[in-house]
Amino acid sequence: MKINELNLLIKDKQFLDKKIKFYESKKIIKKQEPNIFEIKGHIEKVNHNLQFVNDNLEKGYNDWCITGCYYSMYHSALALALSKSYVSKNHDATLCILIKEFYNKGISEKDLELFNSLFISYVDLIVYVEAKNKREEATYSTRYDFTNETVEELRNKAVQFVNKAKEILREK
């Protein structure tokens, strides 16, 4: 999602509602009774992904660590969405739910921007991975040359987002 669309979703409730209705019409967002076991399952996946990042940070798999950071945040967001009776099948739809249900109620604009920007980094990695699989002679690009410092910064931000999501879920 482009930052200007994110900002429009945050500032324009009618635009946000229209976007959510679109996702509902395409069955990308569905209503579902909250299921505590499914919510806990998402949180277990969050912890698993963060443990993966910690275990692999010094092993040179920084691209996969970034992926793990993203998925820890995404599963946190899915748990939050489910706590409000929503199931979402993609990033943008999930982001709309976060804005509708949690923005200024525990999730800040900066948290939403972080969630969105980390997803863009993940998409860049996936595009490169797919291209690499299609070409025998593909080489690493700068998109794969992430430093440990970059990964550590993303890991710290992911942990902050995850902790905020867990706190919101505890309050329910």
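Just so you know, all these numbers are worked out from the coordinates, no wet-lab data involved. Please read these numbers as outputs of a predicted model, since none were measured by experiment. Ideal geometry is used to build each Cβ from the backbone, glycine not excepted, and the neighbour counts take in all protein chains shown.
Just a few scattered comments:
- Difference of contour (0.36 nm per residue) and Cα-Cα distance, Asn156 to Phe37: 40.2 nm
- Modelled spin-label separation between Glu5 and Lys21, with each label point placed 7 Å from Cα along the Cα-to-Cβ direction: 1.9 nm.
- Relative protection proxy for 156-164, 8-16, from highest mean packing down: 156-164, 8-16 (other beta-carbon atoms within 10 angstrom).
- Between amide H atoms placed 1.01 Å from N, distances below 5 Å from Tyr86 occur with Gln32, all of them 5 or more places distant or on a separate chain.
- Distance violations [Cα-Cα > 18 Å] among Lys84/Lys164; Lys30/Lys166; Lys89/Lys164; Lys31/Lys100; Lys27/Lys164: Lys30/Lys166; Lys89/Lys164; Lys27/Lys164
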